[in-house]
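To start, the structure under review is shown below, and the notes come after it.
Every number in this text was worked out from the coordinates using simple rules, so none of it is lab data. Keep in mind it's a predicted model, so treat the numbers as computed, not measured. Neighbour counts are summed over all protein chains in view; Cβ atoms, including those assigned to glycine, are modelled from backbone coordinates with ideal geometry.
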Amino acid sequence: MTIKSCPVQPQAWSKQQLRKLFLDCDGDGDGDGLLTKEEIKKAFRNLGAVIPGYRAWEGLKRADANKDGCVSHEERDALMDYADKLQYTSGTNY
């Protein structure tokens, strides 16, 4: 008897999971909720991005509506939309 294995399909990160990951990377400790480029880069590195600096730059470019160099609470949805669009899963790198 041959047992066939079913390949396990990795699940994409949900927007809620992405939001938590990005907020966990808000490391300046002042509780302001602003995400800097370095914090965004760290989050993309944690997601497994091959070039996290590029992903951070692109995410900041798409989300930073007021061009202050940070992603605020009000701008965070645009960053989550960008990260979600990339469909990160465990074991995939973009």
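Quick rundown of the values:
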quantity	calculated
Computed over the range 15-86, Cα set: Rg, Dmax in Å	10.6, 29
Stretchable slack from Asp77 to Val50, in nm (0.36 nm times residue separation minus alpha-carbon distance)	7.4 nm
Lysines with Cα under 21 Å of Lys85, excluding same-chain neighbours fewer than 8 positions away	Lys15, Lys20, Lys37, Lys41, Lys42, Lys61
Simple Cβ-charge dipole of the range 15-86, Lys/Arg +1 and Asp/Glu -1, about Cα centre, in debye nearest 20	440
9 Å beta-carbon shell around Trp57, net charge (K/R +1, D/E -1)	+3
Virtual paramagnetic centre 7 Å along Cα→Cβ of Asp32, amide N under 15 Å, in the range 68-84	68-75
Theoretical gain in end-to-end length, Ala12 to Lys85 [0.36 nm per residue, Cα-Cα removed]	25.3 nm
